[in-house]
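The values are calculated or read from the model by the stated rules, or taken from the named source; none is laboratory data. What you see is a predicted model; the values in this text were computed from it and never measured. Because the Cβ atoms are built from the backbone with ideal geometry, glycine has one as well, and the counts that use them run over all protein chains shown. Protein only, heavy atoms only, side chains kept; ligands, DNA and RNA dropped before computing areas. Shrake-Rupley method; radii C 1.70, N 1.55, O 1.52, S 1.80 Å.
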Amino acid sequence: QQMVTQSNNNSWELFYTLLGRQNIEKYVHDLGSKDFKISDNTVKAGDMTNYLSKLYKNQLHSKETTDYLLSLMQKTNEETFIPKSVAGFTIYHKNGQLEEVVNEAVLAVGKDSTYAIAIYTDGKDKWEYEKRRVLFKDLITDILKN
């Protein structure tokens, strides 16, 4: 729960220790990610949208586990980088922040369409979070309204 809702580093470390870093990397690479590296804490935006798409299609976990993960993605400790709502869409997301890096992965589920969106930014000297909040919200809203 804390891995998803808070990006809690201690929880991630316990997860890596329990399942093994090599096993996790192999699993993610088998999903199609070529660039995921636990040691560097890196995953590309395209890999994240691939994961979100597979998650939504129940291709990764049981329906029960998927539903639980999606419910957690609506109760994170950082809700300011996404729009509160966009007409016709239910928004699920995972925010990541580490020093000047701020990322947002969004699954927007609509009646007729579903979108997986990943926005990754790397600023200099904690590149103005407020500007990124506005940028992220505007981008996500514009994508979903068009």
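A compact table of results
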item	result
For a label point 7 Å along the Cα-to-beta-carbon line of residue 18, residues of the stretch 58-95 with backbone N under 19 Å	60-73
Per residue value of the accessible surface for the stretch 8-146 (all protein chains in place, 1.4 Å probe), Å²	63 Å²
Long-range HN-HN contacts of residue 118 with modeled amide H, under 5 Å	106
Choice from 49, 17, 76 with maximal GNM fluctuation in the chain (Cα, 10 Å cutoff)	17
Cα shape, the stretch 1-94, gyration tensor, a/c 1.5 rule	prolate
Heavy-atom accessible surface of the chain: percent carbon and sulfur, 1.4 Å	50 percent
Prolate/oblate/rounded call for the stretch 17-146, Cα gyration tensor, a/c under 1.5 rounded	oblate
Amide H contacts under 5 Å for residue 100, placed H, 5+ residues apart	126
Normalised contact order of the stretch 82-121, rounded percent, pairs of Cα under 8 Å and 6 or more residues apart	33 percent
The stretch 78-130 versus the stretch 29-57: alpha-carbon centroid distance in Å	16 Å
Hz values of 3J(HN,Hα) by residue in the stretch 132-146 - Karplus curve (6.51, -1.76, 1.60), Gly and Pro given as x	5, 4, 5, 4, 4, 4, 5, 4, 4, 4, 5, 4, 6, 7, 10
Highest to lowest packing among 98-106, 38-46, scored as the average C-beta count within 10 Å	98-106, 38-46
Calculated from backbone phi, Karplus (6.51, -1.76, 1.60) coupling profile of the stretch 90-106 in Hz, x at Gly/Pro	9, 9, 10, 7, 9, 9, x, 9, 8, 6, 8, 8, 9, 10, 9, 10, 10
For the chain, calculated [θ]222 nm from helices alone, where every DSSP H run of n ≥ 4 adds -39500 (n - 2.57)	-13000 deg cm²/dmol
Solvent-accessible ranking of 136, 36, largest area first, probe 1.4 Å	36, 136
Normalised contact order of the chain, rounded percent, pairs of Cα under 8 Å and 6 or more residues apart	20 percent
Under the Karplus curve 6.51 cos²θ - 1.76 cosθ + 1.60, θ = phi - 60°, whole-Hz ³J(HN,Hα) for the stretch 22-38, x wherever Gly or Pro sits	5, 5, 5, 4, 4, 4, 5, 5, 5, 6, x, 7, 9, 10, 5, 9, 5
For the stretch 92-146: rounded, prolate or oblate by the Cα gyration tensor [a/c cutoff 1.5]	prolate
